[in-house]
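> Take a look at this one; I'll ask things after.
The values are calculated or read from the model by the stated rules, or taken from the named source; none is laboratory data. Since the structure is predicted, the reported quantities are computational estimates derived from the model, not experimental observations. Ideal geometry is used to build each Cβ from the backbone, glycine not excepted, and the neighbour counts take in all protein chains shown. Each accessible area value is taken on the protein alone, full model and side chains, heavy atoms only, with ligands, DNA and RNA left out. Shrake-Rupley method; radii C 1.70, N 1.55, O 1.52, S 1.80 Å.
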Amino acid sequence: MSEENREREPMNPGDEVPPGTVYSGEDLCPECSGSGEKDGEECPNCGGTGKVTEPVGGA
Ligand SMILES: [Zn+2]
């Protein structure tokens, strides 16, 4: 239960796995193409970061 104290970044809707997951990596958000904006507003898919966290490698 000691893992509970780890700091975590909030997940965005476009994140497929929680940040900090071992086999994960950041990729450009497909909704805003990495700009962080969509239709002139903060992209809801990536929370304005322009990046989403995805699993890397086979599972
Ligand atoms: Zn986005």
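> For region 20-43: of the residues being open to solvent by 80 Å² or more (accessible area, probe 1.4 Å) and in contact with a strand residue (DSSP E or B) (Cβ under 7 Å, 6 or more places away or on another chain), which is farthest from the ligand (Cβ to nearest atom)?
It comes out as Tyr23.
> Considering only residues that are open to solvent by 90 Å² or more (accessible area, probe 1.4 Å) and either modelled with pLDDT of 90 or more or assigned to a loop (DSSP other than H, G, I, E, B) (or both), which ones fall in region 1-19?
Correct list: Met1, Arg6, Glu7, Arg8, Glu9, Pro10, Met11, Pro13, Glu16.
> Can you pull out the residues in region 20-37 that are outside any loop (DSSP other than H, G, I, E, B) and modelled with pLDDT under 95?
Scanning region 20-37 gives Ser24, Gly25, Glu26, Asp27, Leu28.
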